[in-house]
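This report concerns only the one structure given below.
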Amino acid sequence: MWKNSFKLLSITLLLSSIIASISGYQIGVGIADCTGPAAGVNFMGYAQLAQKGAGIHLRQFARAFIIGDGTKRVAFVSVDVGMIGYGLREAVIENLSKVYGDTYNIQNVIISGTHTHGTPGGFMQHFMFDVTVLGFVKQTYDGYVEGITRAITKAHENIVNGKVILNNGILLDSNINRSPASYLQNPESERSQYDYNVDKDMYQLKFVDNSDNILGLINWFPVHPVSMNNTNHLITSDNVGYAALLMEKHLNNNAFPGEGKIVSAFASTNLGDVSPNTKGPICIDTGLPCDEVASSCGGTVTNCIASGPGEDMFESTEIIATNMYTKALELMSGANAREVTGSVNVIHQFVDMPSQTAQYTLGDGSTITGKGCNSAMGYSFAAGTTDGPGEFDFVQGMTGEGTSLWNMVRSILAKPSQEDIDCHAPKPILLATGQMKDPYEWQPKIVSTQLAMIGNVAIAAVPGEFTTMAGRRLKNVIKNVMTTNGAGAESTVILAGLSNHYTDYITTYEEYQLQRYEGASTVYGPHTHGIYLSQYQKLATALLNGGSLDSGPTPHSFDTSKLLSLVAPVLLDTPDLDNDFGTCKTQPAKTASIGDTVSAVFVAGHPRNDLKHGSTFLTVERQDGDYWTVVANDAMWETKFKWERTYLATQEVTIEWTIPEGTSPGTYRIRHFGKSKSLFAAPVEYIGVSNTFQVA
Ligand SMILES: *[C@@H]1O[C@H](CO)[C@@H](O)[C@H](O)[C@H]1NC(C)=O
Ligand SMILES: *[C@H]1O[C@H](CO)[C@@H](O)[C@H](O)[C@H]1NC(C)=O
């Protein structure tokens, strides 16, 4: 008996060592639609109450990648959302645990938001982040949880043996620094080590099976997905989302969005001070440059707006997306790429930020010690940025007290304590969120920190938006731990931004002093960045030495049924007087050519009656004999789905299709799929169809 077991054990050991050497990693990729309510919910990002959703340009997707080495695994998910909240991640992990036990847990799941500013909000729970969306929106939250869960489930089901390949390269003309004056606060000796004031490197992990067939890609390039500005009301995944769609279309033989097997994410990284609006800011009323530090024109920020490189926001989105896609394609083809080998490891710890003290190195090499503060937002936070200015009389770079109106509002909410004031200096406190408990916690106090390694490639999952230099310093600290622990000189650190938790911005200590928007939004005070430097150093050291850390304190969690919500549900849809739901009120033109935009208007129910995940509100169809072939749906660049309330409960949708190159001539039609709701009844389906039209 003993002998047999021993024999079996040695055979197993022998086998597993052979398998390990020939099979490398276990890799699974998956993509799922996670689009939020298509209309009636405010977008998350610009904090503009007027920016309410009213249709779809590009659907939202969750893209999941599982990488295992036979012992350990890590799941990385990039999601087309503004950011990730603790509750969202917790709910995804809980859902997964019902099927997979503890295979996917708080330790090994990284969920990173792309930071698009064109998607529905209301899923964050912390009051600060839901207030501009009029509170918690359960439908958004459930839609995101469900989509992300499904992407990971699909990735799990697709696991095969494969390899990981790393590449990187420079992409120019696609990002600029939107706070160059802050960047200049970093010492010259440090800045001179870099060619640009933003990172221009795109990092790519390519996943292939053992026959070198591509499974998927994760690309990281630092840029805010704010090519679409705050006047946009159509759901969009913005520049990074469109880059992903272009790549997936290419790799999947023109499959429709989300329907191909090969998945390519363009994930967020140290984009804190990085804008895609490459023409830079000007005063749109006078054409003159804005004030460099205040980002103001004639004393207010409202007219200091950045744009470009295109003529309008759609063209700008397309240009930046195409640049990223083209670069990623070049990296994928493999020159200078290296295969990643070595074990998979991941470590996670929650940290109570206000109670931390850290000793760390500044840009000039000197050492400083400082402590965390209770969370608070500075005055210049309300000024917004040149990608989307604020609405009141705030400017950037405010280190003195502001107007009396805001001082009054502030004192109603919560007066900062003397300790808060001293701790955050030189930041003048607008919102002492750490003191604000009404109606519940405003900003997190306990945050998630996490570090994964695949061989000697580290992925640092950070809970917010690191600026360029803040990101570089963090990467250097981790790389230093790696090289001194024998991981080799070619060790690479990738920063995965807006992961797991959201805590606004993280600037360097030097940048913080100027109190532009990013510094004013660095919530735990001047040493926030230093605390992260020492925390990730600790994570890296523990991970490389096979040690483990305690899980840290438990973050505040919310009962979703008790969260404040001012977004009313859909009670009732009424058709218009003479026409039933689905009636095509305005028919498309009878003939059209490539490049033209064809449109049709339908009597509609509210799009919030159904998220239509994995489905569509519209199709464009071509007649092939007795059949109709779908040539476009609502997730594609060339279509737009626009919703409008025409009278009380009466609504219509306009469907537009810009006929792309390569469309075959023939007979076409547009269909609309919706649901309508009567009082106290569940929504019922209806279908609308337009007259046919000819594409010449
Ligand atoms: C947004 O972009 C459009 C062009 O697409 C432009 O007309 C408008 O002025 C921009 N608005 C803001 C606030 O950036
Ligand atoms: C997971 O949880 C959410 C709510 O937390 C729920 O709406 C969703 O349907 C659940 N199931 C799946 C498979 O995502």
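Take the conditions in contact (Cβ under 8 Å) with a residue 60 or more places away in the chain, open to solvent by less than 10 Å² (accessible area, probe 1.4 Å), under 20 Å from Y183 (Cα atoms) and among the aliphatic types (A, V, I, L, M) and apply them to I506. Does it pass?
yes
Quick one: in the range 140-154, which of the residues that are of a type in the set (G, A, S) and either open to solvent by 10 Å² or more (accessible area, probe 1.4 Å) or in contact with a strand residue (DSSP E or B) (Cβ under 7 Å, 6 or more places away or on another chain) (or both) is farthest from ligand 2 (Cβ to nearest atom)?
A151
Among the residues of the range 370-389 satisfying the criterion of being under 23 Å from the mean Cα position of the chain (by Cα), more than 16 Å from ligand 1 (Cβ to nearest atom) and not aliphatic (A, V, I, L, M), which is nearest to N232 (Cα to Cα)?
Applying the filter and picking the extreme gives F381.
Go through A328, A321 for me and flag whichever is away from ligand 1 (no atom under 16 Å from the Cβ), modelled with pLDDT of 95 or more and not acidic (D, E).
Going through A328, A321 in turn, the sole match is A328.
Tell me which residues, restricted to the range 35-78, are crowded, with 24+ Cβ neighbours inside 10 Å and under 21 Å from F207 (Cβ atoms).
Listed by number, the residues that qualify are F61, A62, R63, A64, F65, I66, I67, A75, F76, V77, S78.
Take the conditions within 15 Å of ligand 2 (Cβ to nearest atom), closer than 23 Å to K562 by Cβ and over 17 Å from the mean Cα position of the chain (by Cα) and apply them to V137. Does it pass?
Answer is yes for this residue.
Which of the residues spanning the range 206-249 are open to solvent by 10 Å² or more (accessible area, probe 1.4 Å), closer than 28 Å to K640 by Cα and part of a loop (DSSP other than H, G, I, E, B)?
Listed by number, the residues that qualify are N229, N230, T231, H233, L234.
So, M202, is that one within 30 Å of D291 (Cβ to Cβ) and either open to solvent by less than 20 Å² (accessible area, probe 1.4 Å) or not in a loop (DSSP other than H, G, I, E, B) (or both) or not?
So M202 does not fit the description; no.
For the range 155-180, which residues satisfy the criterion of being open to solvent by 10 Å² or more (accessible area, probe 1.4 Å) and under 29 Å from C304 (Cβ atoms)?
Scanning the range 155-180 gives L171, L172, D173, I176, N177, R178, P180.
Listed here are the residues, each with its yes/no results for (1) out of contact with any Ser or Thr (no Cβ under 8 Å at 6 or more places or on another chain); (2) open to solvent by less than 20 Å² (accessible area, probe 1.4 Å).
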{"residue": "K427", "(1), (2)": "no, yes"}
{"residue": "M436", "(1), (2)": "yes, yes"}
{"residue": "K445", "(1), (2)": "no, no"}
{"residue": "S448", "(1), (2)": "no, yes"}
{"residue": "P463", "(1), (2)": "no, yes"}
{"residue": "R472", "(1), (2)": "yes, yes"}
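Conditions tested, residue by residue: (1) open to solvent by less than 50 Å² (accessible area, probe 1.4 Å); (2) not in a loop (DSSP other than H, G, I, E, B).
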| residue | (1), (2) |
| --- | --- |
| H501 | yes, no |
| G525 | yes, no |
| A540 | yes, yes |
| G552 | yes, no |
| P555 | yes, no |
| D578 | no, no |
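Go through the range 305-315 and give me each residue that's touching a Ser or Thr at 6+ places or on another chain (Cβ under 8 Å) and either open to solvent by 40 Å² or more (accessible area, probe 1.4 Å) or modelled with pLDDT of 95 or more (or both).
I305, A306, S307, P309, G310, M313
Find all pairs meeting these conditions: Cβ atoms under 6 angstrom apart; at least six residues apart or on different chains; first residue within the range 591-608 and assigned to a loop (DSSP other than H, G, I, E, B); second residue buried (at least 19 other Cβ atoms within 10 Å of the Cβ) and hydrophobic (A, V, I, L, M, F, W, C).
I594/I659; D596/I659; G605/F581; H606/V570
Here's the yes/no breakdown for (1) assigned to a helix (DSSP H, G or I); (2) in contact (Cβ under 8 Å) with a residue 60 or more places away in the chain; (3) within 16 Å of ligand 1 (Cβ to nearest atom):
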| position | (1), (2), (3) |
| --- | --- |
| V99 | yes, no, no |
| D102 | no, no, no |
| N105 | no, no, no |
| I111 | no, yes, no |
| T116 | no, yes, yes |
| M124 | no, yes, no |
| Y141 | yes, yes, no |
| E146 | yes, yes, no |
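Please verify whether M469 is touching a residue at least 60 places away in the same chain (Cβ under 8 Å) and in a helix (DSSP H, G or I), treating the condition exactly as stated.
yes
Which residues, counting only those in the range 334-378, are out of contact with any Ser or Thr (no Cβ under 9 Å at 6 or more places or on another chain), charged (D, E, K, R) and more than 30 Å from F207 (Cα to Cα)?
D352
The values are calculated or read from the model by the stated rules, or taken from the named source; none is laboratory data. This structure is a prediction, so every number in the text was calculated from the model and none was measured. Cβ coordinates were reconstructed from backbone atoms using ideal geometry, including for glycine residues, and neighbour counts include every protein chain displayed. Calculation scope for accessible area: heavy atoms of the full protein, side chains included, ligands and nucleic acids excluded. Shrake-Rupley method; radii C 1.70, N 1.55, O 1.52, S 1.80 Å.
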